[in-house]
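Structure, as structure tokens:
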Amino acid sequence: MKITICKTERDFDTAAAWRIIAQMLEKPNAVIGLSTGKTTGEMHRIVSDIYRQYPFDVSGVTIFNVDELTNLDRSYSGSCYTMIYDQLVKNLGIPEENFIMPPTISDDFERECRLFEQRLAERGGADLQMLGIGWNGHIGINQPGTPFERPTWVSPMDPIFEEKVRRETNVGPEHELGGLTRGIVNIMQTRKLILIAKGESKADIIEKAVLGPITTDIPASVVQLHPNCEVLLDEAAAAKIIGKI
Ligand code: GLP
């Protein structure tokens with residue numbers, strides 16, 4: 001596992017953006033997985049800005065997100081589809097058929113999970129996964145306790161995130177919310193993983209994920225087993241590992 005620590009948040013955003021662009025340039029038909037959230041908005045904006053100024057060929061690139069909310073309208077501003085579309089896909093002009101996202105509404109999510117995996121497999125599988133980490137160590141939406149070998153599935157959300165989504169959407173507790181997420185086994189099958197975190201609120205969980213035991217209690221700790229994984233951090237997120245690595 002390679003660990004890269006960027007001096008500032010700005011350096012982190014720029015370094016992460018260049019990782020995405022480098023993959024697109026290196027493999028014109030790359031299959032690239034993104035993550036939504038506060039960590040990634042700025043890096044996606046930088047990719048879009050660079051593309052706007054210095055366009056390059058993205059006609060063969062496939063974009064997907066590691067997860068998607070379920071049982072909410074896709075047009076909700078917090079849906080992964082809308083976030084990734086607005087932040088990156090529309091700016092690069094990636095055609096709809098190369099933007100692989102599961103639907104947010106379905107009467108058969110089990111089928112949607114298999115279909116999502118199948119569509120990625122048909123393109124040769126994921127080359128790169130930019131992988132955010134939640135405060136409790138979740139990756140995608142796989143919460144602590146999720147077996148590493150479980151494939152793409154609909155997981156409960158982390159409780160703090162769920163509360164935020166309910167507040168923003170006015171969806172009451174009578175409606176079940178969750179998230180369709182690549183399973184940990186699928187994430188691990190990606191050819192290159194980049195675990196990304198910035199800000200001091202991530203320092204504790206980064207220490208556990210990177211230096212602690214590999215355990216389902218901290219789903220992100222599994223990346224220690226990946227043969228081609230980079231952990232990309234800013235100094236604030238790396239605060240508890242600096243001096244120990
Ligand atoms: C959500 C997303 C994850 C993301 C995580 C971290 O749970 N489903 O994919 O990695 O949040 O978000 P943030 O970057 O806002 O801390």
(message) Go through the stretch 61-101 and report how many residues are in a helix (DSSP H, G or I) and either among the basic types (Lys, Arg) or open to solvent by less than 10 Å² (accessible area, probe 1.4 Å) (or both).
(response) 6
(request) Tally the residues that are hydrophobic (A, V, I, L, M, F, W, C) and within 18 Å of Thr152 (Cα to Cα), restricting the search to the stretch 167-181. (result) 2
(message) Just the residues that are in a strand (DSSP E or B) and under 17 Å from Ile141 (Cα atoms), please, taken from the stretch 176-224.
(response) Gly178, Gly179, Leu180, Thr181, Leu193, Ile194, Leu195, Ile196, Ala197
(message) Which residue is nearest to the chain's Cα centre (by Cα), if the candidates are limited to the stretch 1-26 and must be of a type in the set (Val, Ile, Thr) and assigned to a helix (DSSP H, G or I)?
(response) Ile20
(message) Restricting to the stretch 142-174, count the residues that are free of Cβ contacts under 8 Å to residues at least 24 places away in the same chain and in contact with a helix residue (DSSP H, G or I) (Cβ under 6 Å, 6 or more places away or on another chain).
(response) 0
(message) Quick check on my filter: what residues within the stretch 161-198 are in contact with a Lys or Arg (Cβ under 8 Å, 6 or more places away or on another chain) and within 30 Å of His226 (Cα to Cα)?
(response) Gly183, Ile184, Val185, Ile194
(request) Filter the stretch 133-163 down to the residues that are near the ligand (Cβ under 10 Å from one of its atoms) and part of a helix (DSSP H, G or I), then identify the one that is least open to solvent (accessible area, probe 1.4 Å). (result) Glu162
(message) Out of Ile205, Ile196, I need the residue that is within 13 Å of the ligand (Cβ to nearest atom), under 15 Å from the mean Cα position of the chain (by Cα), of a type in the set (A, V, I, L, M) and modelled with pLDDT of 95 or more. Which one?
(response) Ile196
(request) For Arg52, state whether it is over 18 Å from Gly132 (Cα atoms) and part of a helix (DSSP H, G or I). (result) yes
(request) Please specify each residue of the stretch 21-36 satisfying the condition of being open to solvent by 30 Å² or more (accessible area, probe 1.4 Å) and either touching a helix residue (DSSP H, G or I) at 6+ places or on another chain (Cβ under 6 Å) or closer than 15 Å to Asp67 by Cα (or both). (result) Thr36
(message) Being open to solvent by 40 Å² or more (accessible area, probe 1.4 Å), touching a residue at least 40 places away in the same chain (Cβ under 8 Å) and not aliphatic (A, V, I, L, M) narrows it down to one residue among Lys208, Lys202, Lys240; which is it?
(response) Lys208
(request) Sort out which residues of the stretch 225-245 are of a type in the set (D, E, K, R) and assigned to a loop (DSSP other than H, G, I, E, B), and write them in order of number. (result) Glu235, Lys240, Lys244
(message) Can you pull out every residue in the stretch 102-132 that is away from the ligand (no atom under 16 Å from the Cβ), in a loop (DSSP other than H, G, I, E, B) and not aliphatic (A, V, I, L, M)?
(response) Pro103, Ser106, Asp107, Asp108, Arg123, Gly124, Gly125, Asp127
(request) Evaluate the stretch 176-184: report whether one residue or more is of a type in the set (Ser, Thr, Tyr), surrounded by fewer than 24 Cβ atoms within 10 Å (Cβ to Cβ) and farther than 22 Å from Gln23 by Cα. (result) no
(request) Using the structure shown, decide if Gly145 is within 30 Å of Asn71 (Cα to Cα) and either at pLDDT below 95 or not hydrophobic (A, V, I, L, M, F, W, C) (or both). (result) yes
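The values are calculated or read from the model by the stated rules, or taken from the named source; none is laboratory data. Keep in mind it's a predicted model, so treat the numbers as computed, not measured. Cβ atoms come from the backbone with ideal geometry, glycine included; neighbour counts cover every protein chain shown. Just so you know, the surface numbers come from the protein's heavy atoms only, side chains and all, with ligands and any DNA or RNA stripped out. Shrake-Rupley method; radii C 1.70, N 1.55, O 1.52, S 1.80 Å.
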